[in-house]
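Report on the following structure.
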Amino acid sequence: MKNIVILILILSIFSFSCTNSSTKKTADLKMNTFVDGLLKKMTLDEKIGQLTLFTSDWSVTGGTMRKDYINLIEKGSVGAIFNAYTVDYVKKLQKIAVEKTRLGIPLIFGYDVIHGHRTIFPIPLAQASSWDLQAIEKSDRIAASEATAEGINWTFAPMVDIARDPRWGRVMEGAGEDTWLGSMIAVARVKGFQGDDLSAQNTLLACVKHFAAYGAPQAGRDYYTVDMSERSLYEWYLPPYKAAVKVGAASVMTSFNEIAGIPSSSNRWLLTDLLRKEWGFNGFVVSDYTSINELIPHGVAADSAQAGMLAINAGLDMDMQGSIYLNQLKDLLKSGKVSQETIDNSVRNVLVAKYKLGLFEDPYRYCSLEREAKEIMTPDNLAFAREFASKSAVLLKNSNKTLPIKRNIKTLAVIGPLGDSKPDMLGSWSAAGQSDKCVTLLEGLKNKLGNKTRIIYAKGCETDSCNTDGFAEALKIARQADFVILALGESASMSGEAASRSDLGLPGVQMDLARIIIKSGVTSAVVLFNGRPLAIEELDKIAPALLEVWFGGTEAGNGISDLLFGDVIPSGKLTITFPRNVGQIPIFYNVKNTGRPFDPSFPKDKYKSRYLDCPNTPLYPFGYGLSYTTFRYSNLSMQKTSLNKGEDIEASAEVTNTGEYDGDEIVQLYVHQKVGDVTRPIKELKGFKKVSIKKGESIKVSFILKMDELSYYHQNMSYNYDGGDYDLYIGPNSSEGLSISFRIL
Ligand code: GLC
């Protein structure tokens, strides 16, 4: 009887999977028949129109702007519009495309929905500091729901560029320095945006960017040269793009930069051989803002015609804002420099995306006034934004248990340029976010304390000016208070695109303000608002407590106040290294040992890899973050320390909450291969678990690591793992923890 049941079960699973795959085949056939049928009807002008993307004049995210984009839609010369939203406006433009052009091909509407649409969540670098993949996916699910409720069906996100240089302003937009964690976050983001059905009304096309290695510009200068070995490119920079493609990202955006002499927008190896042939990408590729035009200043194209030819022959389907395809493709086809097949392939890629969105079925499916009225900035969305702002913060220092602030304080002072600044709470790339709806730190504190505590405020100085006129007032306020919160950092516009900084100290005279206030003797804590790691070694020395809150979004003030008064216990950990000074950059955790590694226990050793004037260690390492409670790690053990190839690596450690608060701890697992075919990093993150532990309690945290996770690119660029000796670490960050060795036979 049992065998019959098992047989029936196997047959039903088999038939389900057959039905499933045949349903998919039927659907694909239907789609391809439709798309190819449409393609056959299209004129060359109509085809070129589908490869053209223009911004509306609703917001500016680049250097050029055409005012005639509406006329061009009516001429059938536009396939997609970005920076346009609200149901009314999208419907107006869509009606032109659908009702006034010959074939009525609907537009797709793109926008930089990077960390929220109307409800703005913490900047992506902050979100990454939560190490909470579910929360990251949920925030992009909400963002997609809000954006589609306003007519948008394509976001230019996730940005998955690995970045190890905080001088680069766009570190704020990514997940930090680690390839393994960055790949996990890339997947979570694509899933959040695209859901599991692109034709659903509340999902949209993701666009993984910026392909590739845009986060590695020399000197941390935006748009600057990227030059690295093939092995570094494959080992550290490509995996997050690949992970996003493998999970089904519908589009890819090329990066502005060159890699080793070849600009990404004309790199056929990158856009066709690697992306399509090796990785199997079947979506469409869009340029970045006029990045095709920029092949001319890059010096690989003499003019627009050559730029257009290089780009489309490389596999770049859609021209963002450059008008190059619109102006050049017809002649390039006539001259034989571009084939009809190449143009048709690119058009097909775009039409397939529109089909998958369901736009041919209903071009107005994203134009629901009812959804627009109901689904934006809902109480649930705002509540989650508040929770995420708390989860994304990182407690960097808390001497003498300065934090949390006691509820019974009589007078609380908020001092600093970030204390009551609505626009700055959103951070960069806040798209349709409304700063007037943001909760500042001062407002958040008032919301929490009501009139039980007297709250006084002084700006003290501007974010970035040399004027110290406000210091006296600030000091006067501080002397009246039982506790001072110093709200310091960068303005939102000091990070993001075209916002590289060569000096990573606190801007302006903020450090002078901090010195005066802290040295006045009043109990104080610094709350840091910034879009990148800052070189704040002196601040770290003098501040009793330091809470990194990044730019927390619409609910920033409430989320931070929850942390400051202990209603939420800090749990975030850094995903990017904080340098002591700019001179250490690039500095990151997974470095190579070199042939002359410096050992701090032998400080007199001269001929070692070190500085004369600064330690090698960072100010705060990757994975670092404190809690109001404390945790002790013990009993690291492995199931087996001698393993055969293919076996799972099983390790566990005990984590005890030794403090006064229940708390969450992000337990991290790192591995080091002692001898490789090429040099191997001293540590690589290969696992983490965020666990909640009640005060006084202990839990055993176990990891199962697939041996394939130890793979790397060998001298011959084969990707696999080796037998040999390894160290395994389990700890609170990349600098501390317990270790054990194991061998793969
Ligand atoms: C910008 C950015 C890119 C963005 C695009 C559209 O230049 O580099 O990330 O998606 O233009 O706004």
> Name the residues in segment 670-711 that are part of a strand (DSSP E or B) and closer than 20 Å to LEU626 by Cβ, would you?
Replying inline: TYR670, LEU685, PHE688, LYS689, LYS690, VAL691, SER692, ILE693, SER698, ILE699, VAL701
> Hey, does segment 547-566 have a residue that's under 20 Å from LEU475 (Cβ atoms) and in a helix (DSSP H, G or I)?
Replying inline: no
> Is it true that PRO158 is outside the structural domain of THR577 (by TED's automatic domain parsing), within 12 Å of the ligand (Cβ to nearest atom) and in contact with a Pro (Cβ under 8 Å, 6 or more places away or on another chain)?
Replying inline: yes
>> Return the residues of segment 27-64 that are of a type in the set (A, V, I, L, M, F, W, C), assigned to a loop (DSSP other than H, G, I, E, B) and either surrounded by 14 or more Cβ atoms within 10 Å (Cβ to Cβ) or not assigned by TED's automatic domain parsing to the domain that holds LYS354 (or both); say none if nothing qualifies.
In response: MET42, LEU51, TRP58
> If you take the residues of segment 321-353 that are small (Gly, Ala, Ser) and assigned to a helix (DSSP H, G or I), which of them is surrounded by the most Cβ atoms within 10 Å (Cβ to Cβ)?
Replying inline: SER346
>> Within segment 79-97, take every residue that is part of a loop (DSSP other than H, G, I, E, B) and open to solvent by 10 Å² or more (accessible area, probe 1.4 Å) and give me the one that is farthest from the ligand (Cβ to nearest atom).
In response: THR86
>> For segment 151-178, give me each residue that is open to solvent by less than 10 Å² (accessible area, probe 1.4 Å), assigned to a loop (DSSP other than H, G, I, E, B) and within 19 Å of LEU619 (Cα to Cα).
In response: ALA163, PRO166, TRP168, GLY176, GLU177, ASP178
> under 26 Å from GLU537 (Cα atoms) and more than 35 Å from the chain's Cα centre (by Cα), is that true of LYS606?
Replying inline: yes
> Looking at (1) at pLDDT 95 or above; (2) open to solvent by 10 Å² or more (accessible area, probe 1.4 Å); (3) farther than 29 Å from ARG515 by Cβ, which is the one condition that is false for GLY470?
Replying inline: (3)
>> Restricting to segment 204-234, give me the number of residues that are on the phi < 0 side of the Ramachandran plot, open to solvent by 20 Å² or more (accessible area, probe 1.4 Å) and away from the ligand (no atom under 16 Å from the Cβ).
In response: 9
> Taking segment 39-78 on its own, how many of its residues are away from the ligand (no atom under 15 Å from the Cβ) and not charged (D, E, K, R)?
Replying inline: 15
> Identify, please: which residue in segment 445-467 is open to solvent by 70 Å² or more (accessible area, probe 1.4 Å) and either of a type in the set (A, V, I, L, M, F, W, C) or modelled with pLDDT under 95 (or both) and is, among those, nearest to the chain's Cα centre (by Cα)?
Replying inline: CYS466
> Here are GLU650, GLU654: which of them is modelled with pLDDT of 95 or more, over 31 Å from the mean Cα position of the chain (by Cα) and surrounded by fewer than 17 Cβ atoms within 10 Å (Cβ to Cβ)?
Replying inline: GLU654
> For MET377, all conditions in the list (1) open to solvent by less than 20 Å² (accessible area, probe 1.4 Å); (2) on the phi > 0 side of the Ramachandran plot; (3) touching a helix residue (DSSP H, G or I) at 6+ places or on another chain (Cβ under 8 Å) hold save one; what is the number of the exception?
Replying inline: (1)
> Which of the residues belonging to segment 179-220 are under 17 Å from PRO240 (Cα atoms) and part of a loop (DSSP other than H, G, I, E, B)?
Replying inline: ALA206, ALA212, ALA213, TYR214, GLY215, ALA216
> Right, VAL568: within 17 Å of ALA126 (Cβ to Cβ), over 20 Å from the mean Cα position of the chain (by Cα) and open to solvent by 10 Å² or more (accessible area, probe 1.4 Å) or not?
Replying inline: yes
> For segment 658-691, which residues satisfy the criterion of being open to solvent by less than 20 Å² (accessible area, probe 1.4 Å), farther than 30 Å from LEU564 by Cβ and in contact (Cβ under 8 Å) with a residue 24 or more places away in the chain?
Replying inline: LEU669, TYR670, VAL671, GLN673, PRO681
> Could you list, in sequence order, the residues of segment 619-647 that are open to solvent by less than 30 Å² (accessible area, probe 1.4 Å) and assigned to a loop (DSSP other than H, G, I, E, B)?
Replying inline: LEU619, PRO621, PHE622, GLY623, GLY625, SER627, TYR628, THR629
>> Taking the condition of being part of a loop (DSSP other than H, G, I, E, B) and surrounded by 22 or more Cβ atoms within 10 Å (Cβ to Cβ), how many residues in segment 239-251 meet it?
In response: 2
>> Whether any residue in segment 98-119 is hydroxyl-bearing (Ser, Thr, Tyr), within 16 Å of the ligand (Cβ to nearest atom), open to solvent by 10 Å² or more (accessible area, probe 1.4 Å) and farther than 17 Å from ILE324 by Cα is what I want to check.
In response: no
>> Here is a check on your reading of the model: is LEU426 touching a Phe, Trp or Tyr at 6+ places or on another chain (Cβ under 8 Å), in contact (Cβ under 8 Å) with a residue 40 or more places away in the chain and surrounded by fewer than 24 Cβ atoms within 10 Å (Cβ to Cβ)?
In response: no
>> So GLN321 ticks every box in (1) away from the ligand (no atom under 16 Å from the Cβ); (2) touching a Gly at 6+ places or on another chain (Cβ under 7 Å) but one. Which box is left unticked?
In response: (1)
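The values are calculated or read from the model by the stated rules, or taken from the named source; none is laboratory data. Note that the structure is predicted; figures quoted are calculated from it, not measured. For neighbour counting, all protein chains shown are included, and Cβ atoms are generated from backbone atoms with ideal geometry for every residue, glycine included. Only protein heavy atoms, including side chains, enter the accessible area calculation; ligands, DNA and RNA are left aside. Shrake-Rupley method; radii C 1.70, N 1.55, O 1.52, S 1.80 Å.
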